[in-house]
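Written below as structure tokens is the structure these notes are about.
The values are calculated or read from the model by the stated rules, or taken from the named source; none is laboratory data. These numbers come from a predicted model, not from an experiment. Counting neighbours? That spans all protein chains shown, and the Cβs are built from the backbone with ideal geometry, glycine included.
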Amino acid sequence: MRTMMLHRYDDGFFFVTGTRDAKVMEAVKNPRVEVCVLLGEGEDTGSVRLTGSVEVVYNEDVKASVFGCAGYAEAVWQTPENPDYTLLKFKPEKLQYMPVGTMDVHRADLA
């Protein structure tokens with residue numbers, strides 16, 4: 001399990017991370033990913049879960065565009081050309097939604 005910020009850009013979802021972080025090698029070895037967003041507060045909660053896979057993005061234009069959208073990226077890596085900056089694209093395949101305050105689970109295939 002890794003805590004990462006998910007970025008929405010154009011028509012996709014991305015993770016911005018350091019190339020030398022263990023999670024990059026783990027993602028290459030096992031690209032299966034689940035994203036969970038908790039909704040609500042206290043006992044009145046729900047969630048959105050997305051399952052799918054990630055892949056390393058090598059396209060320099062896409063890397064630069066997403067870099068510009070991640071507010072912290074410049075402070076960490078200075079430029080999108082920094083070899084320690086890695087971009088992972090998340091490809092969701094399944095959605096599970098539990099509305100706040102219920103135990104009803106709604107599922108959908110996205111692929």
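Contact list please: Cβ distance under 7 Å, first residue in region 28-41 and assigned to a helix (DSSP H, G or I), second residue β-branched (Val, Ile, Thr) and surrounded by 11 or more Cβ atoms within 10 Å (Cβ to Cβ), pairs at least six apart or on different chains.
Val28/Val56
Hey, can you tell me all the residues within region 63-85 that are assigned to a helix (DSSP H, G or I), out of contact with any Phe, Trp or Tyr (no Cβ under 8 Å at 6 or more places or on another chain) and closer than 23 Å to Asp11 by Cα?
Answer for region 63-85, where residues must be assigned to a helix (DSSP H, G or I), out of contact with any Phe, Trp or Tyr (no Cβ under 8 Å at 6 or more places or on another chain) and closer than 23 Å to Asp11 by Cα: Ala64, Gly68.
Which numbered condition in (1) acidic (Asp, Glu); (2) at pLDDT below 95; (3) closer than 17 Å to Thr17 by Cβ is the only one that Asp104 fails?
Unmet condition: (3).
Would you please name the residue that is surrounded by the most Cβ atoms within 10 Å (Cβ to Cβ), looking only at residues in region 1-27 that are basic (Lys, Arg) and without any contact (Cβ under 8 Å) to a residue 40 or more places away in the chain?
Per the stated criteria, the residue is Lys23.
Considering only region 1-27, how many residues are touching a strand residue (DSSP E or B) at 6+ places or on another chain (Cβ under 6 Å) and part of a loop (DSSP other than H, G, I, E, B)?
Qualifying residue count for the region: 2.
Please enumerate the residues belonging to region 49-69 that are closer than 30 Å to His106 by Cβ and surrounded by 15 or more Cβ atoms within 10 Å (Cβ to Cβ).
Once the filter is applied, which keeps residues that are closer than 30 Å to His106 by Cβ and surrounded by 15 or more Cβ atoms within 10 Å (Cβ to Cβ), region 49-69 yields Arg49, Leu50, Thr51, Gly52, Ser53, Val54, Val66.
Of the numbered conditions (1) surrounded by 13 or more Cβ atoms within 10 Å (Cβ to Cβ); (2) over 24 Å from Ala111 (Cα atoms); (3) aliphatic (A, V, I, L, M), Ala75 satisfies every one except a single condition; which is it?
Among (1) surrounded by 13 or more Cβ atoms within 10 Å (Cβ to Cβ); (2) over 24 Å from Ala111 (Cα atoms); (3) aliphatic (A, V, I, L, M), Ala75 violates only (1).
Return a yes/no flag: does region 102-111 have any residue that is part of a strand (DSSP E or B), of a type outside the set (Gly, Ala, Ser), surrounded by 11 or more Cβ atoms within 10 Å (Cβ to Cβ) and in contact with an Asp or Glu (Cβ under 9 Å, 6 or more places away or on another chain).
No, region 102-111 has no match at all.
Does region 57-73 hold any residues that are among the β-branched types (Val, Ile, Thr) and either touching a residue at least 60 places away in the same chain (Cβ under 8 Å) or in contact with a strand residue (DSSP E or B) (Cβ under 6 Å, 6 or more places away or on another chain) (or both), and which are they?
Listed by number, the residues that qualify are Val57, Val66.
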